[in-house]
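A.B. asks: Attaching a single structure in structure tokens format; questions to follow.
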Amino acid sequence: MSDDIPFQRDFSAPPEQIGELSPLIRRMVADNPGPYTYTGTCTYIVGRGQVAVIDPGPDDQAHIDSLLAALDGETISHILLTHTHRDHSPGAALLQAACGAPTYAHGPHPVFETGGPQLDHGGDRSFRPDRLLADGERLEGPGWTLEALHTPGHLANHLCFALPAEQALFTGDHVMGWSTSVVAPPEGNMGDYFTALERLLARGDKVYWPAHGGPIHNTKQYVRALIAHRMMRERAILARLEAGDRRITEMVAAIYQGLDPRLNFAAGLSVQGHLEHLIAQGKVRRAPDDADLYFLN
Ligand SMILES: [Zn+2]
């Protein structure tokens, strides 16, 4: 289905063990493997002696205890969140209770009015950041600077964090090596996602450290493949509309042949995300009296 993307699925870092990745970066994988988390959430530690922790992970005291044990004798000065999904942010409260460091994020979990069907991505609605981070804002510790990069698409409050000293970018769930990102309405926005991918292309990062799975070294080639993959999907949807399909279920059946039926709903939301992006571009319209009836313009 996605043979066009050079996925890397040989990641084998054991959970709850500290991994030394570079002069400034360490990683501990939480023990929460699953269909949306791959082998588990990667918690990153930036700096030495006085450190920032990125994505403390799920509501798992054992993970926080392992992290604190690994950082014995060091000071945690910042707790950073890429976004407010339950596999990323609930650990922040546990970590803060132990170390007292402030939490930093782009904002609390966004609120959506629509009551329609949606994937349970697991929004962490209880999290409130102590400090709001705007696009371009910088945080500093001894020997390191991190810069927030607002990258909505997977979720409106998603941030990547750049570590210029190593030309590295912590990409959260925006770009991952093991899978494409879930971009499903109402939480996800395909137009924002495209824009945020283009933004990464304009940068010179040498390595991406995603929140799930291992690093990505062929950064630009990989992002180009992600964009090409979504463009291909968009062309396929336009072709189905041209062939006479009007409803998402028809398009999913034609485009995702051989798909595990349990994934039909997620595929439908992905198609809906593309259709909304096509509507925003003026290429498609929705029937005024039927929200699941689409036409080419
Ligand atoms: Zn997420």
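Since every read-out is calculated from the coordinates, none of them should be taken as a lab result. Remember, it's a predicted structure, so these values are computed and weren't measured experimentally. With ideal geometry, Cβ positions are generated from the backbone for all residues, glycine too; neighbour counts draw on all protein chains shown.
A.B. asks: Work out the FRET efficiency for residue 198 and residue 48 from their Cβ-Cβ distance, taking R0 = 30 Å, and round it to the nearest 0.05.
C.D. replies: 0.30
A.B. asks: Quick one: grab the alpha carbon gyration tensor of region 100-208, order the square roots of its eigenvalues as a ≥ b ≥ c, and give me rounded if a/c is under 1.5, else prolate or oblate depending on whether a/b is larger than b/c.
C.D. replies: Note, shape of region 100-208 comes out oblate.
A.B. asks: Please compute the length gained on full extension between residue 126 and residue 111, using 0.36 nm multiplied by the number of residues separating them and subtracting their Cα-Cα distance. Can you show the working numbers first?
C.D. replies: Working: separation 15, 0.36 × 15 = 5.40 nm, distance 1.19 nm.
Taking 0.36 nm per residue and subtracting the Cα distance, the gain is 4.2 nm.
A.B. asks: Pop a pseudo-label 7 angstrom from the Cα along the beta-carbon direction at both residue 165 and residue 134 and give the gap in nm to one decimal.
C.D. replies: The answer from the label model is 2.6 nm.
A.B. asks: Residue separation times 0.36 nm, minus the C-alpha to C-alpha distance between residue 279 and residue 264: what's the value?
C.D. replies: So the chain would gain 3.2 nm between residue 279 and residue 264.
A.B. asks: Between residue 217 and residue 9, what length in nm is gained on full extension when 0.36 nm per residue of separation is reduced by their alpha carbon distance?
C.D. replies: Roughly 73.5 nm would be gained on extension.
A.B. asks: Suppose a student asked you for the relative contact order of region 18-226, using Cα pairs under 8 Å spaced at least 6 residues apart; what percent would you report?
C.D. replies: Working: 476 pairs, mean separation 33.0, N = 209.
Result for region 18-226 is 16 percent.
A.B. asks: Ratio of alpha-carbon Rg to the 2.2 N^0.38 Å globular estimate for the chain, to two decimals, please.
C.D. replies: 1.03
A.B. asks: Would you mind putting 253-262, 175-184 in packing order, based on average other-beta-carbon counts within 10 Å, highest first?
C.D. replies: 175-184, 253-262
A.B. asks: Give me 292, 10 sorted ascending by neighbouring Cβ count inside 10 Å, so fewest comes first.
C.D. replies: Arranged by neighbour count, lowest to highest, 292, 10 become 10, 292.
A.B. asks: So how strong a dipole does the chain carry about its Cα centre when Lys and Arg Cβ are +1 and Asp and Glu Cβ are -1, to the nearest 20 debye? The partial results should precede the final answer.
C.D. replies: Numbers: 24 positive and 36 negative charges, 155 e Å.
In total the dipole reaches around 740 debye.
A.B. asks: Ok, one more. Report the calculated FRET efficiency for residue 243 and residue 206 (r = Cβ-Cβ distance, R0 = 51 Å), to the nearest 0.05.
C.D. replies: On the way: r = 43 Å, r/R0 = 0.85.
It comes to 0.75.
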